[in-house]
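Presented below is the structure to which this report refers.
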Amino acid sequence: MTDSGDNQGREEQSEDVFSVERIRSLVELMKEHDLKEVDLRHFRQRIRICRGTNEVPVMAPPTMIAPQYAAPSAPPPAAQVSQVAAPPPAAADGPHIVTIKSPMVGTLYLRPNPKSDSFVKVGQSINPESTICIIEAMKVFNEIPAEVRGKVVEILCGNEEPVDFGKPLFKIDTRG
Amino acid sequence: MYNRILIANRGEIALRVQRACRELGIETVVVYSEADKDAPYVRLADQAICIGPPRSIDSYLKIENIISAAEIGNVDAIHPGYGFLSENSHFNEVCRSCNIDFIGPTPEAMEKLGDKNQARQMAKLAKVPVVPGSDGLIENEEEAIQTARAIGYPVLIKATAGGGGKGMRVAANELALKAALEQAQNEAKAAFGNGGVYLERYIEKPRHVEVQIIADHFGNVCHLLERDCSVQRRHQKLIEESPSPRLPESARRELCEAAVRLVKTAGYTNAGTVEFIVDQENRFYFIEVNARIQVEHPVTEMVTGIDLIKTQIAVASGKPLPFTQEEIVPRGAAMECRINAEDPNKNFQPCPGKIERIFVPGGYGVRFDTHVSAGYVVPPYYDSMIGKLIVFKENREEAISCMLRCLAELQIQGISTTVDFHKKVLSHGDFVQGIVDTKWVERELLSK
C-alpha cells in the first residue's frame, strides 16, 4: 500500500524545491539501501526517483501536474516513504520462515486494548490458534489467528497502522 | 467539492475516473486485486490499496474490503464505475451508513428502477411507451385473441418459465395465433414443466437506442441525447454511436423527453441511461434503466462537449447541474468501438495474455480510452475489454472513414483482439446505410 503525504492544511514553504543538494542526498540514500525507486509525497509536493537502467516508466505522471510536485522541504518521517523496491539486502529468509500476511483490509491492532500488552512479542512461541493481532474493519474487530506454529522473529507493522490485503505482518520461524 | 475519492473499479474506467479527479484537484484512492497490482493506473493514484486476491468475488465485489479501504483511505466519496457494485443498492446503503457519498443515485431510486417490473410500472405512470403485452398469463384461446387484437400484430408468444428461445412463437395474424398458441404451450410444458405463456408485440428488427440522462439534487434533469447501440452480439454491445442513424428528429425528441419524464417520476439523481427498443416504424418502447455511468459514455461526451464523470462528481457533491437543457446543442457524429481481448475466429473466446507491443491511433477527433500499454498482462479474471476507440467528426460518413483509418493504425501484438471484426462491420453496406438491428451481427456476419 502506498501512502500519501500529510495533506491536512500545512502550507508549502517557498524554497528551491529542486535543489541539487536535496536530490543528491536522496540518491545517496537510495544507493546506501539499494533502493530502485523512491516516491515521496508531502502535502501537494512529490518527487519520484528511479535508479538503474532497466526501469522503464510505463506511464509517467501527467506533466501538467508536475510543477505542483517537488521534493519535500524537510526529510519526511519514515512512515511517509513508500519503498517500491526490496528492503536493504539482508540474509535471505530460509524455508523455515513464514510470513503472516493480512487477510483483509483494515486497521491493525497489536494489543487487545490500549492498556494491555501486545498479543505477541518477538521471541514468543505461538501455535495455529493463537490470536496474533486484531484487524478492525467497518467497526468490527476481527481476531486474526496465526494459523502456523513457531516463534515470532519479527513484527513488520506498527500498532494502529492501516493494512491492506496481503500486507506482511509477522515473520514466524517454524523451527521454534 | 470532495478532497478524496475512492475508485471501486478497475481497468479503463478506473483510469477514466482518476483523470477526472486529477483535473478537479481531487485525490484518488485506487483499490486493486492482486491480479491488477502492476496495472499502470495503480501507480498514478495518490494511494493504492490491495483489496484481495484475483477473483472478483474476493476483491472488487467484496463490500467489506472496499469500505475498509475507504475508511483507511479517509475518502469522502466512492465512484463505483460500471459493473461490479455500481448497481448494488446494498453497497450504496452501506456507503451512506458509513458517511461516504456514493457517486450515483440514491439506493431507493436505484432499487425502484433496477427492478424491471417496477421500472415498467414507473414508465406507464410517466406515460412512457412500453412494449405492449398481456398483463399476465394467457388462460385460453379467446383471451389470446382479445389480447392480440389490443396489442397489435405481429405478436410474440413467450413462455413465462422460458429461456433460450424455447416456447417462443411469432404469430402474424389471428389464424397463425390459434395454431401457434397450442404449440408454444406444449413446448413450454415439455421444456420447463410449465405451460404458462404470455403475449407481447413482436418487434421485428429492433434497434437499441438509449438516452443519457443526468439529474442533480435540485430537481434539474437533462437528457444528453441518444446513443444507438444496435451492433451487438449476444446482448453485448460492440459499437455505439450518436446520433442514431435514420432516427427522425421528431422521434429523437419524443424519445429523449420520455426518458426525462421517467427519470423525474422516479426521483432519480446523478447519471443514468434509459434504454429503448425502436421498431422499423420508429416507434419506441421502454426496456430498462441502467442506474450508473456506462461504458459508452464517451460517445455522448464527444457530441455534447460535456465531461460526464466530472458532472457526476459535481452533482454528487451537492452542486447543481452546470448547464440547462437548452444549452445542450449536439454537434457532429461520434462512434465507439469496444476493443476486446477476444478471438472472433474462435467464437469470441477471451484471450488473456501479455501485450507485447501496442501502437495507438491518434489525430484530430480520435480518443482511445485504455489502461493497457506494452508489457501489460491482460488478466483472465475479468471482462475482456482492453480499450475503447472513439472518433468524433462532422458527420457519420467522416466518422466511419476515420474509425476505419484508426482500426488500421491500431496494432496490438501478443493477444487476439476484435479489431478486424470491427473493420468488417464498419465496411459493411448495411452499417454504412445505418440499417442494422440488434440481431444483425449474428444474422449477417456470424452465420455466414
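Data table
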read-out	value
In Hz, Karplus ³J(HN,Hα) per residue of segment B:334-348 (6.51, -1.76, 1.60; θ = phi - 60°; x = Gly, Pro)	10, 8, 9, 10, 7, 8, 10, 7, 9, 10, x, 7, 10, 6, 6
Theoretical ellipticity at 222 nm over the protein assembly as shown - DSSP helices of four or more residues, -39500 (n - 2.57) apiece, nearest 500	-8000 deg cm²/dmol
Positive-end extreme of charge dipole, segment B:94-153 - chosen from B:Gln121, B:Gly152, B:Val94 (charges on Cβ)	B:Val94
Radius ratio Rg over Rh of segment B:297-448, counting only Cα atoms, Kirkwood formula for Rh	1.01
Chain pair B, A: total accessible area buried, heavy atoms, 1.4 Å probe, Å²	2300 Å²
Amide H within-cut-off set for A:Gln45, under 5 Å, with H built and near neighbours excluded	A:Ala70
Centroid-to-centroid separation of segment B:235-309 and segment B:41-106 [C-alpha atoms, Å]	27 Å
Residue of B:Glu12, B:Glu139, B:Glu296 that the Gaussian network model of chain B assigns the largest fluctuation, springs spanning Cα pairs under 10 Å	B:Glu139
A:Cys133 long-range amide H proximity, modeled H, under 5 Å	A:Ile144
Derived scalar couplings ³J(HN,Hα) [segment B:59-73; Karplus, 6.51 cos²θ - 1.76 cosθ + 1.60; whole Hz; x for Gly, Pro]	9, 5, 9, 8, 4, 5, 5, 6, 5, 4, 4, 5, 6, 6, x
1.4 Å probe accessible area per residue over segment B:5-84, in Å²	26 Å²
Given chain B, longest segment not containing exposed loop chymotrypsin sites (Phe, Trp or Tyr not before Pro) (DSSP; at most 12 other Cβ within 10 Å)	B:1-217
Out-of-range pairs (alpha-carbon distance over 22 Å; input B:Lys237/B:Lys346; A:Lys167/B:Lys62; B:Lys319/B:Lys393; B:Lys310/B:Lys423; B:Lys112/B:Lys158; B:Lys205/B:Lys346)	B:Lys319/B:Lys393; B:Lys310/B:Lys423; B:Lys112/B:Lys158; B:Lys205/B:Lys346
HN-Hα J in Hz across segment B:412-417 - Karplus 6.51, -1.76, 1.60, θ = phi - 60°, x for Gly and Pro	10, 10, x, 9, 7, 9
Percent RCO, i.e. relative contact order, over segment B:147-266, from Cα pairs under 8 Å lying at least 6 residues apart	19 percent
Surface per residue (accessible, 1.4 Å probe) for segment B:216-312, Å²	32 Å²
Cα centroid separation - segment B:1-17 against segment B:155-229, whole Å	36 Å
Label-to-label distance, nm, for residues given as B:Lys346 and B:Ala176 (7 Å Cα→Cβ offset)	4.1 nm
Dipole magnitude of segment B:1-131, debye to nearest 20 (Cβ charges: Lys/Arg +1, Asp/Glu -1, about Cα centre)	540 debye
Max mean-square fluctuation residue, GNM over chain B, Cα-Cα springs under 10 Å, options B:Glu257, B:Glu342, B:Glu64	B:Glu64
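The values are calculated or read from the model by the stated rules, or taken from the named source; none is laboratory data. Nothing here was measured: the structure is a model prediction, and the numbers come from that model. All Cβ positions, even for glycine, are placed from backbone atoms using ideal geometry, and neighbour counts span all protein chains on display. Remember, those area values only see protein heavy atoms, side chains included, never the ligands or the DNA or RNA. Shrake-Rupley method; radii C 1.70, N 1.55, O 1.52, S 1.80 Å.
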